[in-house]
Amino acid sequence: MKLCVFMSECRSGSDLIDRLEAEKLGIILVCNGVYHAAADYEIRSWLFPKNAHLYVLAEDLESRAIETSRVAPEFRVITYSDIVDLIFNEYEKTIWI
Amino acid sequence: MKLCVFMSECRSGSDLIDRLEAEKLGIILVCNGVYHAAADYEIRSWLFPKNAHLYVLAEDLESRAIETSRVAPEFRVITYSDIVDLIFNEYEKTIWI
Amino acid sequence: MSKKRLGFIIKSLPYKTEASKLAVTHAISSQTAEIYLEDGDSVEPVICFIGDGVFNCIKGQQSMKHYGITSIEQHIKNALLLDLKVMICSEDLEKFRIKKESVIMDASEMGGETLAIIASYTEIQKEMNAVDHLLFF
Amino acid sequence: MSKKRLGFIIKSLPYKTEASKLAVTHAISSQTAEIYLEDGDSVEPVICFIGDGVFNCIKGQQSMKHYGITSIEQHIKNALLLDLKVMICSEDLEKFRIKKESVIMDASEMGGETLAIIASYTEIQKEMNAVDHLLFF
Amino acid sequence: MGRLTIGSFSSPAGTMSLDFAIKLAEAAINKGHAVDLWLSGNATVLGNKDQKHYKDYSHLQKTVKLMFNSGRFRMAICEACAETRGCHKDITMDECIRASMDWHLASCFSADRVIMIGDN
Amino acid sequence: MGRLTIGSFSSPAGTMSLDFAIKLAEAAINKGHAVDLWLSGNATVLGNKDQKHYKDYSHLQKTVKLMFNSGRFRMAICEACAETRGCHKDITMDECIRASMDWHLASCFSADRVIMIGDN
């Protein structure tokens, strides 16, 4: 399956993601999940699955004053409009963790 | 200070407790914190501070079907009525984690 | 005339939040969803407990006695009574040293015949692949 | 005529829950608590950010732009404008590599003079010992 | 265009999860998709009439009203969840459906995509 | 006897944190103490009249009424938190105080013990 995971927390959920198997895996950081994208905050103690496509929601970075310059290069910064296109066009199932 | 900590989660909060300094420290496990008392569930990956007085709320064990026989011996199984006496008579300040 | 399969995946501990209870009650409501659907169409749920979620499956929950609310145990039994598919992750039971004897496996006292399935994570993953939509709680 | 001191200890990340905002707004409300008290009595809050809570103190929060809600930054500035004591744990800032230049330290653009205090955990613990009651958020 | 079913039981004020749901719904509708929103638990209070707007709290009702105007948006609240909170029919917005959970399941049946925001 | 001030912003249905607050309050009152209960956020819906009782959800209102009868119990809800949820004065229980947060701070002033349940 092509699976899109919304990761909304930064202190839980990584164990679930590590077990998930998907032909195509997308991870979209939202809410407090966005701290995972700011590599130099050292809040991330976990490695994202190697083949995952990684995205982070711009609005939730900016609300928390996380500058785009802090975002690790493997993440694509996206908007709500981009999310709609991703879930309808690129993935089949979506889950919220 | 004499501090009573209500620990209501089992997946967070241990870092906070480890830093707390108190002349007398009581830890009362409530809600999902009670899993910490059932040593053989292996959900606890953390050691309680050595000198802490440890309690666990009977109602919250029983709601979750955790048998008293599973409760580690260092815990005193107590009721809401006992909590009232503890916070008024044995401790000065109470916090919820 | 078609059937859609929905996977209700329960990863949360019981009682502190309402996630796990809502998962089971939503799954059960599949039985009456037909009133909104075309003739012959239906929704088939599968309920899977993984991670911390397996703690929902321990027998003997006394939430009615202490808090006046129906236990998650009772909801799981209701699901089994309606012949819903209930899967419980075997690796996670082992990890938490929850014995199989302690796990809710049937609703036989209510006359149910369907049993819960203790399954490997691989089997649960297969179900996740097979269903039409996934709902994590 | 007496004064009670209350410690508002903020350990939660901002925005996902309302914990940190409620902590600051409750602390600020100390300024009008007198209407319920005897003449001369008062409540004095101290606000301490520890652990993940220090993420509330980063400058430049745009929650009004995106979600239409007052930022926690603005609430912290309001607290400083009212000369409330605000302490931020220095070890936790370092741990998360949050530079001091990124931290909300004053409300000078609104005419405030009181500064936030970047303090060691030991100093914050001293405040926790000294206050009459502790409220963790 | 597609059909999206969003479920949530997060509170409308104080957490940002339901904000996410509403913003996602809005973005989908703006792109021509249809959206069903199912609210249970604390989220049901979003169905209440006359939610007062304070700057400290999200005011999602405004966007909800705009979405209703699109003709491609339906919102239903769990009747039992609302009644257990003392929020009865007389204070529910007219456009908002009060239903049982089976409404949500039926909506999932017809959806191209389903997202359940399983946060408290 | 002593005076206990409990604060909570947890939902009355679905989480067990507010159940804890109510059970603790009840136990304290039964031992002769006085209790002030301050509710903000989602907890404010506990102040609503006519909360319907379903077995799936905690029904804390019954205990609240008994506590009011003791004469040693006060309960106040955050007015702004209630209004932002569309829960106005007309659906608030008569005994329940609607106030600003300063009520809570003043209650802490007079309390022997304070417990803030800082869960969502």
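We did not get these values from a lab; they are worked out from the coordinates using the rules stated. Being a predicted model, the structure only gives us computed values, none of them experimental. All Cβ positions, glycine included, derive from the backbone under ideal geometry; neighbour counts span all protein chains shown.
Data for the structure
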| quantity | calculated |
| --- | --- |
| Shielding by other protein chains, D:90-100, mean Cβ within 10 Å | 2 |
| 20 °C / 1.002 mPa s Stokes-Einstein diffusion coefficient of chain C, Kirkwood radius on C-alpha pairs, µm²/s | 141 µm²/s |
| Count of lysine pairs in chain F with Cα separation under 21 Å (8 or more residues apart, or interchain) | 17 |
| Shielding score for D:26-38, defined as the mean number of other chain Cβ atoms within 10 Å | 6 |
| Pseudo-label separations to other copies for F:Lys62 - Cα-to-Cβ vector, 7 Å, nm | 4.3 |
| Cβ-based charge dipole, the protein assembly as shown, positive-most Cα from C:Met105, B:Met7, F:Ile115 | F:Ile115 |
| Rounded to the nearest 20 debye, dipole of segment C:17-137 from Cβ charges on Lys, Arg, Asp, Glu | 720 debye |
| HN-Hα J in Hz across segment A:74-91 - Karplus 6.51, -1.76, 1.60, θ = phi - 60°, x for Gly and Pro | 6, 9, 9, 7, 10, 10, 4, 4, 4, 4, 4, 5, 4, 6, 7, 9, 9, 10 |
| Chain C residue with Cβ closest to the axis mapping C onto D, distance in whole Å | C:Thr17, 6 |
| Sites matching trypsin sites (Lys or Arg not before Pro) across segment B:24-97 that sit in DSSP coil, with at most 12 neighbouring C-beta atoms within 10 Å | B:Lys50 |
| Where GluC sites (Glu not before Pro) fall in DSSP loop in segment D:34-85, at most 13 other Cβ within 10 Å | D:Glu38 |
| Chain A: most fluctuating residue of A:Leu86, A:Leu29, A:Leu54 per GNM, C-alpha cutoff 10 Å | A:Leu86 |
| Share antiparallel - DSSP beta bridges, chain A, percent rounded to 5 | 5 percent |
| Lys, Arg +1 and Asp, Glu -1 on Cβ, resulting dipole of chain A about Cα centre, debye, nearest 20 | 180 debye |
| Other-copy label distances relative to D:Glu109, 7 angstrom Cα-Cβ extension, nm | 6.4 |
| Degrees between helix D:121-130 axis and first principal axis of chain D (Cα, 0 to 90, nearest 10) | 20 degrees |
| Mean Cα-pair separation over length for segment A:2-96, i.e. relative contact order, pairs under 8 Å, 6 or more apart, % | 36 percent |
| Neighbour cut-off at most 16 other Cβ (10 Å), DSSP loop, GluC sites (Glu not before Pro), segment F:30-120 | F:Glu95 |
| Sum of side-chain charges, E:His33 neighbourhood, beta-carbon under 10 Å (Lys, Arg +1; Asp, Glu -1) | +3 |
| Long-range amide H partners of E:Gly14 with built H, under 5 Å | E:Ser58 |
| Cα-based reach from D:Lys99 at 25 Å (exclusive), listing lysines while leaving out same-chain residues under 8 positions away | D:Lys11, D:Lys16, D:Lys21, D:Lys59, D:Lys65, D:Lys77, D:Lys85, D:Lys126 |
| Rounded tilt (10° steps) of C:72-81 against the dominant C-alpha axis of chain C | 40 degrees |
| Peptide F:4-14 - average C-beta neighbours from other chains (10 Å radius) | 6 |
| Under Karplus coefficients 6.51, -1.76 and 1.60, residue-wise ³J(HN,Hα) of segment D:42-52 in Hz, glycine/proline x | 7, 10, 10, x, 10, 10, 10, 9, 10, x, 4 |
| Over chain E, relative contact order from alpha-carbon pairs under 8 Å, at least 6 apart, % | 38 percent |
| Over chain C: helical MRE at 222 nm, DSSP H runs n ≥ 4 each giving -39500 (n - 2.57), nearest 500 | -8000 deg cm²/dmol |
| Formal net charge of residues neighbouring E:Gln51 (Cβ-Cβ distance under 12 Å; K, R +1; D, E -1) | +3 |
| Cα gyration tensor shape for the protein assembly as shown, rounded if a/c is under 1.5, else prolate or oblate | rounded |
| Net charge over other residues, Cβ less than 14 angstrom from the Cβ of B:Val77 (K, R count +1; D, E count -1) | -3 |
| Minimum Cβ-to-axis distance in chain F for the rotation onto chain E, with residue, whole Å | F:Asn42, 3 |
| Shortest-first distances to equivalent copies, position B:Asp18, nm, label 7 Å out along Cβ | 1.8 |
